[in-house]
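Q: Here it is: the structure, laid out below.
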Amino acid sequence: MASTRSRNGWAIWLSFAIGLLLSVSPMPQFMEVFRPMWLALLLAFWTLAVPGKVGMTTAFLLGLAEDVLYGTLLGQNALILTLITFLVLSLQQRLRMFPMWQQSLVILVIFGIAQLIQLWLSALTGNRLPTLALVWSAVISALLWPWVSFALRGLRRRLHIH
Amino acid sequence: MLVVLSVALMVVDSRFDLLKPVRSQMGLVLMESYWITDLPQRTWQGVAGQFGSRTELIAENEKLKTEALLLQGRLQKLAALTEQNVRLRELLNSSALVNEKVEVAELIGVDPNPFTHRILINKGERDGVFLGQPVLDARGLMGQVVELMPYTARVLLLTDTTHSIPVQVNRNGLRAIASGTGNPERLELRHVADTADIKEGDLLVSSGMGQRFPAGYPVATVNEVIHDSGQPFAIVRAIPTAALNRSRYMLLVFSDRRTPEERATEAAIAQEEADRQGAGHGQAPATPAASAAGSAVQPVPGAAPATATPAASPAAVPPAPANTQPRRQ
């Protein structure tokens, strides 16, 4: 049991580490707007799958890491990710029953709300051009959700993460 | 609870310096991810370098040799000009030009946020980088350091919407402020009078007025001047001379961080020393300089009295204004 638990933890944290890498990986300038919210996607999946292991605290810590990477105010992305995790957790029972396309729609709404708050925070701290282009990444993330979900579900089955 | 905590963190981070060390320590670990994501490209370049054909290398070598020759030729001329400039400045009693030290840094990452223009470089606090340090590339100013981590630093580029730099037109010294627009190929000059003497093709250089960027580095070239009678000011757009989104290697400038007053005082003391030592043959260098003064002093009227420092010895100062003053009128 102890060995499985440690192995499971390893897999989850590895996926988060890869998520962090993906969120800073270089992309062509015009595609930057469409960069998916990798960490949010991973967090959403793991909170749905293993709510006992991954929760708001994890989201908060990952958000802090992302803040340092992006050079935004410490706590900004932490707030966003915590919020996303909270919404996913509160909708968890229903989300698990939904077919994939409905899940995608809910994810789109949740991420959209998060991105709007992100926009609002950025405008408040006076750092960014307030444009609605930020919402594009929520759309792309929602489109990616089925694939991420399938891939991670396979990983989860193989490694018996409960 | 966590939401409250993150809001509190944001407030503290935006208002106080308390969290800077925490951030810098976290950055030490996390910045490796920029390095890792850059690895494939680095490896590819390494491999390409390994297998580059001999003829290509020879051609490149030839090209570099030619370039070096050209640059050296220009440098010779520059040495003479610098010498002349120093002499003329001495004549005007203005403070000497400061030689700036530079260090090469490499780009390791670009900010993933499409609405900011910030980059990461591979030099940090341990290399002596400081906040607000100017960053150049081979063609002009790029930006300034805004965040320090032990081995990396974040640079805000000129074209970020939150960045402005004091500039002057190289042709006539007209001062202005160039602000970023969020477009990597465009700067805008704010509050330029409609009648100001500025036109397409003018080179804008840093004026050094903000005490942050050293004076005289090229910043941008004006590419559009729009006179709209409905607007209170002319709209002036310029293209940065630096390759802001292409340069991989850049220069960190370590300029003199003393205030101009301190610098002037120290220069005056040094001058005094030199005069005292060379008292026996002091008049010798003055004669050729005085003859050069007549032609060169004209374009900068009024510069001499302003920069004359009270600390200069009475024995050293009077001859210079006495020489230059009558010739200017």
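Q: Between B:V110 and residues 5 or more places away or on another chain, which pairs have amide H atoms under 5 Å apart, with H built 1.01 Å from N, and which residues are they?
A: Residues meeting the criterion, in which the H sits 1.01 Å from N, are B:L120.
Q: Could you give me the ³J(HN,Hα) list for the range A:40-51, computed from phi with Karplus coefficients 6.51, -1.76, 1.60 and θ = phi - 60°, whole Hz, x at Gly and Pro?
A: For the range A:40-51, the Karplus-derived couplings read 5, 4, 4, 4, 4, 4, 5, 5, 5, 7, 10, x Hz, x marking Gly and Pro.
Q: Rounded to the nearest 0.05, what FRET efficiency do B:E224 and A:M100 have when you use their Cβ-Cβ distance and R0 = 30 Å?
A: 0.05
Q: Tell me, rounded to the nearest percent, the portion of alpha carbon pairs in the range B:121-274 spaced more than 21 Å apart.
A: Beyond 21 Å sits 49 percent of the P(r) for the range B:121-274.
Q: Of A:L42, A:A151, A:Q76, which is farthest on the positive side of the dipole of chain A, counting Cα position, with +1 on Lys and Arg Cβ, -1 on Asp and Glu Cβ, and the Cα centre as origin?
A: The residue sitting farthest along the positive end of the dipole is A:A151.
Q: Sticking with this structure for a sec: Evaluate E = 1/(1 + (r/R0)^6) for B:T55 and A:A133, where r is the Cβ-Cβ distance and R0 equals 45 Å; express this FRET efficiency to the nearest 0.05.
A: It comes out at approximately 0.45.
Q: How much of the calculated P(r) for the range B:175-236 lies past 17 Å, in percent of all Cα pairs?
A: Across the range B:175-236, Cα pairs with separations above 17 Å total 41 percent.
Q: Turning to a different aspect of this structure: Using a Förster distance of 60 Å, how high is the FRET efficiency between B:L5 and B:E90, based on the Cβ-Cβ distance and rounded to 0.05?
A: Step by step, r from the Cβ atoms, then E = 0.50.
Q: With an 8 Å cut-off on Cα pairs and a minimum separation of 6 or more residues, tell me the relative contact order of chain A in percent.
A: Relative contact order, chain A: 27 percent.
Q: Then there's this: So, how do all the Cα-to-Cα distances of chain A break down into 5 Å bins, in percent, from 0 on up?
A: Reading the bins upward from 0: 2, 9, 18, 23, 22, 14, 8, 4, 1, 0, 0.
Q: Roughly what would the spin-label model give for A:I117 and B:V104, points 7 Å off Cα along C-beta, in nm?
A: It works out to 4.7 nm between the two label points.
Q: Relative to the longest principal axis of chain A, what angle (0 to 90°, nearest 10) does the C-alpha long axis of helix A:135-159 take?
A: 20
Q: What is the average number of partner chain Cβ atoms found within 10 Å of a Cβ in A:71-84?
A: For peptide A:71-84, the averaged partner shielding equals 6.
Q: Just subtract the alpha-carbon distance of B:N172 and B:L75 from 0.36 nm times their residue separation and send over the number in nm, one decimal.
A: 32.4 nm
Q: Using θ = phi - 60° and the Karplus form 6.51 cos²θ - 1.76 cosθ + 1.60, what ³J(HN,Hα) does each residue of the range B:111-125 get, whole Hz, x for Gly and Pro?
A: Karplus-based 3J(HN,Hα) across the range B:111-125 equals 4, x, 6, x, 9, 10, 10, 9, 10, 10, 10, 8, 10, x, 4 Hz.
Q: What value does the range B:1-127 have for Rg/Rh, both radii from Cα atoms and Rh as Kirkwood defines it?
A: My calculation of the ratio gives 1.16.
Q: Under a Cβ-only charge scheme (Lys and Arg +1, Asp and Glu -1), can you give me the dipole magnitude of the range A:38-159 about the Cα centre, in debye to the nearest 20?
A: It comes to approximately 540 debye.
Q: Taking the Cβ of B:I235 as the center, what net charge do the other residues with Cβ under 9 Å away carry, scoring Lys and Arg +1 and Asp and Glu -1?
A: Net charge in that neighbourhood comes out at -2.
Q: Specify which residue in the list B:T162, B:P134, B:P150 is farthest towards the positive end of the charge dipole of the range B:86-202, using unit charges on the beta carbon of Lys, Arg (+1) and Asp, Glu (-1), about the Cα centre.
A: In the range B:86-202, that residue is B:P134.
Q: With θ set to phi - 60° and the Karplus curve 6.51 cos²θ - 1.76 cosθ + 1.60, what are the ³J(HN,Hα) couplings of the range B:7-23 in order, to the nearest whole Hz, using x for Gly and Pro?
A: Here the 3J(HN,Hα) series is 5, 4, 4, 4, 4, 4, 5, 7, 9, 10, 8, 4, 8, 4, x, 4, 4 Hz.
Q: Sequence-distant or interchain residues sharing an amide H contact under 5 Å with B:V192, placed H: which?
A: Answer set, sorted by chain and number: B:A234.
Bear in mind that the values in this text are calculations on the coordinates, not laboratory data. This structure is a prediction, so every number in the text was calculated from the model and none was measured. Cβ atoms come from the backbone with ideal geometry, glycine included; neighbour counts cover every protein chain shown.
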